[in-house]
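In what follows, a structure is listed as structure tokens, so that the remarks can point back to it.
We did not get these values from a lab; they are worked out from the coordinates using the rules stated. Treat the numbers as computed from the prediction; the structure is a model and nothing was measured. Note that we place each Cβ from the backbone using ideal geometry, even for glycine, and neighbour counts take in every protein chain shown.
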Amino acid sequence: MRIILQPDGTRVLTLEDLDTSNGPDVHVWLSAADEVEGTAGWFTAGSAEHYDLGLIKGNQGNQLYNIPQEVDLSKYRSVDLWCVQFSVSFGAAQLSP
């Protein structure tokens, strides 16, 4: 996973080689919470500030998500695959500064 700055100034989040469980209503969130590994991290993103990049495009493979210019990336520490319906994480990764 990485954020790419395009030549035109736009930013794109890339999810590479994604492999997660299939589930209902899973969204890609930029989260102010740190990634927490294992079952302890299943609920941490739900209580943190987040920006919703939209529904996940699939549970496997490479994906791109546009990040609007107004999003202040300095607020966010991780990317979380958040199931809105059940308030649980399907996976997370720490963002590098």
Task: Boolean, Lys75 is under 18 Å from Ile3 (Cβ atoms), touching a residue at least 40 places away in the same chain (Cβ under 8 Å) and surrounded by 11 or more Cβ atoms within 10 Å (Cβ to Cβ) - done: yes
Open item on the list: Just to verify a result, which residue in the range 4-18, among those that are hydrophobic (A, V, I, L, M, F, W, C) and under 18 Å from Glu70 (Cα atoms), is surrounded by the most Cβ atoms within 10 Å (Cβ to Cβ)?
Closed with: Leu13
- [ ] Give just the number: which of (1) in a strand (DSSP E or B); (2) surrounded by fewer than 13 Cβ atoms within 10 Å (Cβ to Cβ) does Leu81 not satisfy?
- [x] (2)
TODO: Could you list, in sequence order, all residues of the range 19-45 that are surrounded by 14 or more Cβ atoms within 10 Å (Cβ to Cβ) and among the small types (Gly, Ala, Ser)?
DONE: Gly23, Ser31, Ala32, Ala33, Gly41, Ala45
